[in-house]
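Written out below as structure tokens is the structure these notes cover.
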4 protein chains.
Amino acid sequence: MVSSALNDGVSVAKGEIVSQRELKEILYDIIFGTESRAGKLFDLVLICSILLSVLAVMLDSIGWFSRTFRLELTLVEWAFTILFTLEYLVRIYSSPNPRAYIFSFYGLVDLLSIVPTYLTVIFPGANFLLVVRLLRVLRIFRVLKLSRYVGESNVLLRSLMVSRRKVFVFFYSVLVMATIIGSLMFIVEGEDNGFTSIPTSIYWTIVTITTVGYGDITPHTVLGKLLAATTMLIGYSIIAVPTGIITAELAHEIQRDRQTRTCPNCNHAGHERDAKYCRICGAHFPGAD
Amino acid sequence: MVSSALNDGVSVAKGEIVSQRELKEILYDIIFGTESRAGKLFDLVLICSILLSVLAVMLDSIGWFSRTFRLELTLVEWAFTILFTLEYLVRIYSSPNPRAYIFSFYGLVDLLSIVPTYLTVIFPGANFLLVVRLLRVLRIFRVLKLSRYVGESNVLLRSLMVSRRKVFVFFYSVLVMATIIGSLMFIVEGEDNGFTSIPTSIYWTIVTITTVGYGDITPHTVLGKLLAATTMLIGYSIIAVPTGIITAELAHEIQRDRQTRTCPNCNHAGHERDAKYCRICGAHFPGAD
Amino acid sequence: MVSSALNDGVSVAKGEIVSQRELKEILYDIIFGTESRAGKLFDLVLICSILLSVLAVMLDSIGWFSRTFRLELTLVEWAFTILFTLEYLVRIYSSPNPRAYIFSFYGLVDLLSIVPTYLTVIFPGANFLLVVRLLRVLRIFRVLKLSRYVGESNVLLRSLMVSRRKVFVFFYSVLVMATIIGSLMFIVEGEDNGFTSIPTSIYWTIVTITTVGYGDITPHTVLGKLLAATTMLIGYSIIAVPTGIITAELAHEIQRDRQTRTCPNCNHAGHERDAKYCRICGAHFPGAD
Amino acid sequence: MVSSALNDGVSVAKGEIVSQRELKEILYDIIFGTESRAGKLFDLVLICSILLSVLAVMLDSIGWFSRTFRLELTLVEWAFTILFTLEYLVRIYSSPNPRAYIFSFYGLVDLLSIVPTYLTVIFPGANFLLVVRLLRVLRIFRVLKLSRYVGESNVLLRSLMVSRRKVFVFFYSVLVMATIIGSLMFIVEGEDNGFTSIPTSIYWTIVTITTVGYGDITPHTVLGKLLAATTMLIGYSIIAVPTGIITAELAHEIQRDRQTRTCPNCNHAGHERDAKYCRICGAHFPGAD
């Protein structure tokens, strides 16, 4: 795109400044594209910024660090927020289909990355409230933007989407099983052995079925141990199911991914390898002639 | 069904009240069917009732909640029991083959959902506290009533049924291994390190093989730790087997499920897609012409 | 076999008592066979005897039970030992190839099931020694005899034997990884945090890689937690390997098992479906014409 | 190689001592080769030396053992170091392409096996205790020298290398999920329940997602338990992915390994079965005519 625009000597000769349309195209190539040199540099800078801003949030959560470097952390916080706000506005400006970008998954993530910091200004007194802390953590969603640069993550995401019905059935089955086994354990073990209520017993059952096994609640009676051992063995068979489902769908998606491409603007997958424009939002594919 | 009955103006014109046979068909369509508008509404109400009644049982198990809202919980309990009793009776009345319904899986679940509450009347004195507590918790089996609405759960259930021989062999192998390793650990570690008896050691072995690992019993001697590490590695290879078995059967069942349908009356699966009547209990398939 | 011997009126008419050769064949059919009525009854009695004798060993390991019922347990112990000794002798007598039976896997298990009890007579003073307790537990190997009646366990065993080279490589890789990661954790965490020596750290690494996670040893330093998290993720990928190996071999073996049969005398597998005699030890297949 | 050199009577007759070129070939055959008798003997001695030296490092890490046998351990240590140094020098001398050997994986491992001991001489004072301790433990990397003898371990390594892109995406996805869930748990549970900072919460999330579940940090609030249970179920579906990826790649690599061979000098894989020389470093394949 960039090179074709620069090589096109006639159009540049006619106007002394680059026309707005061409500016948009250049910006689009830099920001959304991943194949030109400027696009690659922009991506690299963005990845570093995101990682650093996430690191700042994490350090902020460590008590003594937060108290010692309060000022530095606030400065860093506002620097990244302004940077990401600019990036967000340029993305909207340069997108060939702004509406599609804004309401795409990554568009919403981009917005969520900058909103929490501004909200701390509107609610200054509420600085230490739980709600604001929750919003602050949303900035970590910025990390999700990284996955845009790893095309293969789409395979993982899509294979989970395709098999969502089967995974739902699996979750439902596990919950029903956890409810029944949890209730039985509540009767068998009782409140004295840590199984204080049915919800707690269900929590224990899920910890056991998924083979996590914290050990904060364990059976103490003989019957309880017998039931627990049975739960582990049955649960292990049940839990084998998602492995099978995901594996089958993943194999299918990997094969399909080799034959199609994904739109960088609206993230819609399954375009033909020789496609030049997204058939959903009309964006031009960078690198395509 | 409903619409064909209503459209059939001649038969309605002849008798002023809907004949008993037509009433049965309408009820059957509402209660067992899932495609007419009335049937969908009935299903929605029933699902909400089931979830609320299960929630009530769970809240009842939390000590302080049960003591504070004793009256409210009892009222809610009886309301749901009467509702489910009515539903059970109407199901028997409207079923084209009541015997097949009563002895089907869901027929038994429907019965189990209402019996415990009535039994609490028969055992009014709190002297048999365990029985009352057991009956109170058994009501949680109502959650199984939901399975009727998760069509694909049949796939999971059937794939477990088909591979039950192989899964049994697997369970048996694990138990033999657990017995031998458990005995060795009992000798190596002894009573002082928590391995108080062979049954307890077997419980520890199952907790370890299934990778749950509570940590309530752990090896303390060098030889015990060596044996435990070996158990984990060997056990991990053995436990990989059900994953393979279930995956293979599941893939087969998913494919088969696309080509067949399941009877809503007796829950028998594997009917042809163009079948209109269950070949086992003779019930008419709702939605079929 | 039995029926053909009985039907063969001429030979029976000639001698009034059943010849020794015929007796052997009848016994062979009852003890090794699983298809005649007498054979099925014998198997059922044997399974119950084995389970009861295993139960006796388990109960014997529970301190208070052993002290209360010392006499009863000794009587039960000797009753089962004499029963299994008789069974062992009859098996040798009736086997068409006694040497093949004695040195087969199940022949050795049968011998190991009865030897420990006799050894307690030879070493009477050593009754409470650890070694004798170890031998006593060997009786639990009797349970292994059960698997003779579950033909499908051969599939599991053979698929493990076929992939033993690959599983060995896997075990070796895990041990090398555990050694390296264990040493690093020993340096990072040190003796104060429970990682008292490299062998202990290797034990911790295996507990972590296999996702058992007892929690008796856990990292306390930041670097240790980072290394532990990395170990879990890498380990999880490594540990996925046996699942793949076993699954592939299992699928192959299941298919192969449908086309072949296994010798009941020497347990050699892979005979053609129409085979009448074992091509290794020459035993006649029960049920074959 | 050896026999062809010895049989070649003419060349031996010409010079009374074996020429340097022939010496190199004989040494190459003994040290790098695995098929001649001398080569097998050398390998056996080397494997035993490696295992013993690794055992010495492990024993050295056990406090009381190290203090009691300080002198013996130092002597054993230097004996093995000199032995491995000689082996390393002879390998460089006899290799047809020393540079390729030195910078190959096993060349670096061989160097790493001897360097730490010499460095302990350079840092003689115990004032840098950690450095000495680190160097002492680093010797454990000698265990990697064993890998040379486990031909099939290349399959495992290569299948991990081939699928490194997909495994990276998986690791990245798990880290993003761990970051988000960890932050939520930090807000929900807070510092009082052990979730002292976001990094600690992320550590907890990885421990939970990989189903290790130490139990050193566990949720205490109702909301935290609900979130933890959800994490386990979602995490279990995500974690099923590497199993699928590794399995598919492993199956491919096993098939490929049957058709190719690996260079013993530079460890480059994928040579044709009938190849006589490595197409990367030019080394002659032992055993090839």
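Quick grid of which residues meet (1) touching a residue at least 60 places away in the same chain (Cβ under 8 Å); (2) within 14 Å of chain A (Cβ to nearest Cβ); (3) of a type in the set (Val, Ile, Thr):
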position	(1), (2), (3)
B:SER36	yes, no, no
B:SER53	yes, yes, no
B:MET58	yes, yes, no
B:GLU72	no, no, no
B:TRP78	no, no, no
B:ILE82	no, no, yes
B:ARG91	yes, no, no
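Only one of these is at the interface with another protein chain (Cβ under 7 Å from one of its Cβ atoms), in contact with a helix residue (DSSP H, G or I) (Cβ under 7 Å, 6 or more places away or on another chain) and under 20 Å from B:VAL54 (Cα atoms): A:SER201, A:SER197. Name it.
When all the criteria are applied, what remains is A:SER197.
Please work out which residue is modelled with the lowest pLDDT, limiting yourself to the range D:67-97 and to residues that are of a type in the set (S, T, N, Q), more than 23 Å from the chain's Cα centre (by Cα) and more than 15 Å from D:LEU23 (Cα to Cα).
Here the answer is D:THR74.
Those residues that are under 20 Å from B:GLY213 (Cβ atoms) and at pLDDT below 85, I need them from the range A:167-210; list them, please.
A:VAL174
What number of residues within the range D:98-108 are outside any helix (DSSP H, G or I) and modelled with pLDDT under 85?
Within the range D:98-108, the first condition is being outside any helix (DSSP H, G or I), and the residues that meet it are D:103-104.
Now restrict to residues that are modelled with pLDDT under 85: D:104.
Here the count works out to 1.
What is the one condition in (1) buried (at least 19 other Cβ atoms within 10 Å of the Cβ); (2) at the interface with chain C (Cβ under 8 Å from one of its Cβ atoms); (3) free of Cβ contacts under 8 Å to residues at least 12 places away in the same chain; (4) part of a helix (DSSP H, G or I) that D:VAL167 does not satisfy?
Of the numbered conditions (1) buried (at least 19 other Cβ atoms within 10 Å of the Cβ); (2) at the interface with chain C (Cβ under 8 Å from one of its Cβ atoms); (3) free of Cβ contacts under 8 Å to residues at least 12 places away in the same chain; (4) part of a helix (DSSP H, G or I), the odd one out for D:VAL167 is (3).
Of the residues that sit in the range C:170-216 and are of a type in the set (Val, Ile, Thr) and within 20 Å of D:TRP64 (Cβ to Cβ), which one is surrounded by the most Cβ atoms within 10 Å (Cβ to Cβ)?
Checked the range C:170-216; the qualifying residue surrounded by the most Cβ atoms within 10 Å (Cβ to Cβ) is C:ILE202.
Between a residue in the range A:19-31 that is modelled with pLDDT of 80 or more and any residue that is of a type outside the set (Ser, Thr, Tyr) and not in a helix (DSSP H, G or I), which pairs come within a Cβ distance under 6 Å, given they are 6 or more apart or on different chains?
From the range A:19-31, the pairs are A:GLU25/A:MET1.
Go through the range A:191-215 and give me each residue that's farther than 17 Å from D:LEU233 by Cβ, part of a loop (DSSP other than H, G, I, E, B) and not small (Gly, Ala, Ser).
Those that are farther than 17 Å from D:LEU233 by Cβ, part of a loop (DSSP other than H, G, I, E, B) and not small (Gly, Ala, Ser): A:PHE195, A:THR196.
As an exercise: evaluate C:ILE239 against (1) of a type outside the set (Gly, Ala, Ser); (2) at pLDDT below 70; (3) in contact with a strand residue (DSSP E or B) (Cβ under 9 Å, 6 or more places away or on another chain) and give the number of the one condition it does not meet.
Condition (3) is where C:ILE239 drops out.
What do you reckon, is B:GLY125 assigned to a loop (DSSP other than H, G, I, E, B), within 19 Å of the chain's Cα centre (by Cα) and modelled with pLDDT under 70?
So B:GLY125 fails the test.
Quickly run through the range D:177-186 and pick out the residues that are at the interface with chain A (Cβ under 9 Å from one of its Cβ atoms) and under 10 Å from D:LEU227 (Cβ atoms).
D:LEU184
Could you please find all residues in the range C:221-240 being at the interface with chain D (Cβ under 7 Å from one of its Cβ atoms) and under 18 Å from B:ILE209 (Cα atoms)?
So in the range C:221-240, the residues at the interface with chain D (Cβ under 7 Å from one of its Cβ atoms) come out as C:225, C:229, C:232-233, C:236-237, C:240.
C:MET232, C:TYR236, C:ALA240, listed by residue number.
The values are calculated or read from the model by the stated rules, or taken from the named source; none is laboratory data. On a predicted model such as this, the values are computed, not experimentally measured, just so you know. Backbone-built Cβ (ideal geometry, glycine too); neighbour counts: all protein chains shown.
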